[in-house]
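Taking it in order: structure first as structure tokens, then the write-up.
The values are calculated or read from the model by the stated rules, or taken from the named source; none is laboratory data. Worth saying up front: this structure is predicted, and the values here are computed from it rather than measured. Cβ coordinates were reconstructed from backbone atoms using ideal geometry, including for glycine residues, and neighbour counts include every protein chain displayed.
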Amino acid sequence: MLKFDRVTKVYKVGAFGGGSFTAVREASFEVRPGEVVSLIGESGSGKSTLGKMALRIASVSSGTITCDGTDVSTLRGHRRLKEYYRKVQGVFQDPFSSYNPVFKADRVFAMIRSEYHPGVSDAEWRDKVADALKVVRLDPDQVLGKYPHQLSGGQLQRMLLARALLLDIDYLVADEVISMLDASTRIDVLNLLADLKARGMGILFVTHDLALGNYISDQTVILHRGEIVERGVTSKVFADPRHPYTKKLFASVPQFHKKWDEVEAELRAREAADTSSQPYHLAEGQAVPSELVEVTEGHYVQPFHPRAAV
Amino acid sequence: MTAAQPLPDPTTAAEEPAAATPEAPQREALYFALRNPKLIVGLSIVLLFLLVGLVVPPLLEHGPNERYAPPLLPPSGEHWFGTTQFGQDLFTQFAYGIRATFLVGLLGGGIAAVIGMTIGFVAGYKGGWVDEVLNMLTNVVLVLPTLAVLFIIAAYVDSYSVTTQSFFIGMTSWPWAARAVRSQALSLSSRDFVDLARLSGVRTWKIIVRDIAPNMSSYLFMTFILLFGGAVLAAAGLDFVGLGPSDGMSLGLIMHQAVKWGALQLGVWWWFVPPGLGITAIVGAMYIMNVGLDEVFNPKLREM
Ligand SMILES: Nc1ncnc2c1ncn2[C@@H]1O[C@H](COP(=O)(O)OP(=O)(O)OP(=O)(O)O)[C@@H](O)[C@H]1O
Ligand SMILES: [Mg+2]
């Protein structure tokens, strides 16, 4: 289990490290084996930061991330980290900067080979790579032996996914992995993720696309300005969103027959009409706690001020 | 995929093994290097001078400071570069001088490059307190008045060879290189491909050498050329004020003597033009090489 426990990330910003910026605040959730957790939030809400902390690319400022019981920040030394990456891998958001421009794109495979499979014969490795590429719907002849600038964003993205499949991993951090794919390839990759999940892999699926999150995930985590405002079983969160931000987010999916103004007005009216009192409603002047409140079984929401604007 | 392998396409056959082995990028770079006119021209000039410095001196029967010919002879079949006011053969001096120039450039520039690049890479990649400590060290050496220090050292050391001179120059001329390399390494190490290499279990030093450095190889070579040129000029400056090596000859020393004995006023151009041209040609040829190398290492430039 990949477990985030009150994880906070503070970036130092500005000259001389004077300023600081809290990108993630007290985030707690889990990714269990055989489960897809979609991490949804607007741009800049801290999704990639959470993923990078799980991958040990960014340090955790406070709180802990544990992988099957091991605190990842205690993984010091090259050997232990290498063992960690045998189990946990990631695909970064920006496929273009994930490749070293002076080398051919397939070097990402060669690195895995030289570090993790040094004994494998050329022929065997070629087959292994070809298999991994086939799974992500890539033609080896079309992508091998080319430089990154000669490949499309979608091709590069899928090669990164194929790269992660070369290792027998337990957890995958997939940061916007299908943002650059067309509809038909997208469905193939989604089905691939479903397949991996069925084989017991735990996937942290970062996205800002609600439909995708709903389609693929078991659990949903809604992130807003670095804080988790709502999380839980995907079906419950999508059917019955409680936090005003979640509601607004869901309402903001474009609809053919409605303008945003109408949608927003409707949302307002409904909120004003709702005078019920809930355990997660805060009284005037009460500070927002970081602990989430359970609404129904497996559905949590951050307490909020009922009639404040989001 | 079926068991039948497609026949290799003859046009890509040369690149085919490249995908299989990790050494391949170097082999491929070599392939393009051997077909790059700028690189070939620059390298040829540098090698020509190097050859003169290495091969010619042992063949000459007179030493560079030997006074055996009539003074101030213009270039002729007998004395290719003419003679000095003291009847020394200028071609002999030139050949020995090239030797010293390469030694100073390679050794002084090399020492400075190794120190500067190591510090720059480590500071840029590691960041944090490591960066701050190394920055401080760099700044301390940077504000040392290098030439003044060299003067003092040169004045106090008795046995003073070209090697010693190169060593001192190398130890004091690296700070700007460290800074330049650091800022490049810093911006490169925040790129995702560095993180991906870490995710692939690659060690830090390997990432620096194999992922970050190749992205700035032409930049590194440029740095070395400038350090090389800087070391040559610093040596010439020392030689010029009479603090050159006590034994030996260098291009700077020839120019120093030319100026000292009024070659400029007498119009004895053959005394100072060849050493000046020599230094310019060596540094200039290395610059041309650098432009060529840029094309070799940058796959995008290759296609233009
Ligand atoms: N290295 C860094 N130093 C300082 N601030 C950073 C750094 N990386 C990210 N941030 C800030 O942290 C916040 C969260 O960034 P993050 O990349 O996690 O967002 P995101 O949710 O992935 O957004 P997107 O959907 O656009 O990818 C942003 O405001 C960003 O400016
Ligand atoms: Mg992101």
- State yes or no: is residue A:197 surrounded by fewer than 21 Cβ atoms within 10 Å (Cβ to Cβ), over 30 Å from residue A:308 (Cα atoms) and basic (Lys, Arg)? yes
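Out of all the residues in region B:33-68, which are among the small types (Gly, Ala, Ser) and modelled with pLDDT under 90?
B:33, B:63
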- Run residue A:65 past the list (1) more than 16 Å from ligand 2 (Cβ to nearest atom); (2) assigned to a loop (DSSP other than H, G, I, E, B); (3) of a type in the set (A, V, I, L, M, F, W, C) and report the number of the one that doesn't hold. (2)
- Task: Please specify each residue of region A:164-180 satisfying the condition of being farther than 12 Å from residue A:88 by Cα, more than 12 Å from ligand 2 (Cβ to nearest atom) and among the β-branched types (Val, Ile, Thr).
- Result: A:178
- Item | Those helices (runs of 4 or more DSSP H) lying entirely in region B:221-304 with at least 3 residues buried (at least 22 other Cβ atoms within 10 Å of the Cβ) | B:251-260, B:269-297
- Go through A:15, A:54 for me and flag whichever is aliphatic (A, V, I, L, M), more than 11 Å from ligand 1 (Cβ to nearest atom) and at pLDDT below 95. A:15
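Each row is one residue, and each column tells you yes or no for (1) within 16 Å of ligand 1 (Cβ to nearest atom); (2) surrounded by 20 or more Cβ atoms within 10 Å (Cβ to Cβ); (3) at pLDDT 95 or above; (4) part of a strand (DSSP E or B).
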residue: A:29; (1), (2), (3), (4): yes, yes, yes, yes
residue: A:33; (1), (2), (3), (4): no, no, yes, no
residue: A:44; (1), (2), (3), (4): yes, no, no, no
residue: A:73; (1), (2), (3), (4): no, no, no, no
residue: A:79; (1), (2), (3), (4): no, no, no, no
residue: A:89; (1), (2), (3), (4): no, yes, yes, yes
residue: A:99; (1), (2), (3), (4): no, yes, yes, no
- Query: If we scan region A:234-250, do we find a residue that is within 21 Å of residue A:208 (Cβ to Cβ), in contact with a Gly (Cβ under 8 Å, 6 or more places away or on another chain) and of a type outside the set (D, E, K, R)?
  - Reply: yes
- Test: residue in region B:178-197 that is in contact (Cβ under 8 Å) with a residue 24 or more places away in the chain, over 23 Å from residue A:110 (Cβ atoms) and in contact with a Pro (Cβ under 9 Å, 6 or more places away or on another chain): no
- How many residues, within region A:115-133, are within 22 Å of residue A:88 (Cα to Cα) and either surrounded by fewer than 16 Cβ atoms within 10 Å (Cβ to Cβ) or not assigned by TED's automatic domain parsing to the domain that holds residue A:166 (or both)? 5
- Message: If I filter region A:251-266 for residues that are on the phi < 0 side of the Ramachandran plot, within 16 Å of ligand 1 (Cβ to nearest atom) and out of contact with any Gly (no Cβ under 7 Å at 6 or more places or on another chain), do I get at least one hit?
- Response: yes
- Query: Among the residues of region A:193-238, which ones are within 22 Å of residue A:180 (Cβ to Cβ) and small (Gly, Ala, Ser)?
  - Reply: A:194, A:211, A:213, A:217
- Go through (1) within 14 Å of chain A (Cβ to nearest Cβ); (2) at positive phi; (3) of a type outside the set (A, V, I, L, M) and name the single condition residue B:184 misses. (2)
- Task: Examine region B:195-218 for a residue that is more than 30 Å from residue A:76 (Cα to Cα) and of a type outside the set (Val, Ile, Thr), and state whether such a residue exists.
- Result: yes
- Message: Taking the criterion of being of a type in the set (A, V, I, L, M, F, W, C), in contact (Cβ under 8 Å) with a residue 24 or more places away in the chain and in a loop (DSSP other than H, G, I, E, B), would at least one residue in region B:37-55 satisfy it?
- Response: no
- Message: On the basis of being closer than 18 Å to residue B:249 by Cα and of a type in the set (Phe, Trp, Tyr), does residue B:121 make the cut?
- Response: no
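One line per residue, one yes/no per condition, for (1) within 30 Å of residue A:34 (Cβ to Cβ); (2) within 16 Å of ligand 2 (Cβ to nearest atom); (3) within 12 Å of chain B (Cβ to nearest Cβ):
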residue: A:55; (1), (2), (3): yes, yes, yes
residue: A:69; (1), (2), (3): yes, no, no
residue: A:86; (1), (2), (3): yes, no, yes
residue: A:102; (1), (2), (3): no, no, yes
residue: A:122; (1), (2), (3): no, no, yes
residue: A:125; (1), (2), (3): yes, no, yes
residue: A:140; (1), (2), (3): yes, no, yes
residue: A:144; (1), (2), (3): no, no, yes
residue: A:162; (1), (2), (3): yes, no, no
- Could you list, in sequence order, all residues of region B:248-282 that are of a type in the set (Val, Ile, Thr) and within 15 Å of residue B:237 (Cβ to Cβ)? B:254, B:259, B:279
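Matching residues to (1) at negative phi; (2) part of a strand (DSSP E or B); (3) buried (at least 17 other Cβ atoms within 10 Å of the Cβ):
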site: A:185; (1), (2), (3): yes, no, yes
site: A:188; (1), (2), (3): yes, no, no
site: A:205; (1), (2), (3): yes, yes, yes
site: A:229; (1), (2), (3): yes, yes, yes
- Of residues in region A:241-277 being surrounded by 14 or more Cβ atoms within 10 Å (Cβ to Cβ) and part of a loop (DSSP other than H, G, I, E, B), the one modelled with the lowest pLDDT: A:252
- Item | Number of the exception - residue B:136 against (1) aliphatic (A, V, I, L, M); (2) in contact (Cβ under 8 Å) with a residue 40 or more places away in the chain; (3) in a helix (DSSP H, G or I) | (2)
- Task: For residues that are modelled with pLDDT of 90 or more and in a loop (DSSP other than H, G, I, E, B), tally how many sit in region B:174-220.
- Result: 6
- Test for residue A:91: is it within 25 Å of the chain's Cα centre (by Cα) and more than 12 Å from chain B (Cβ to nearest Cβ): no
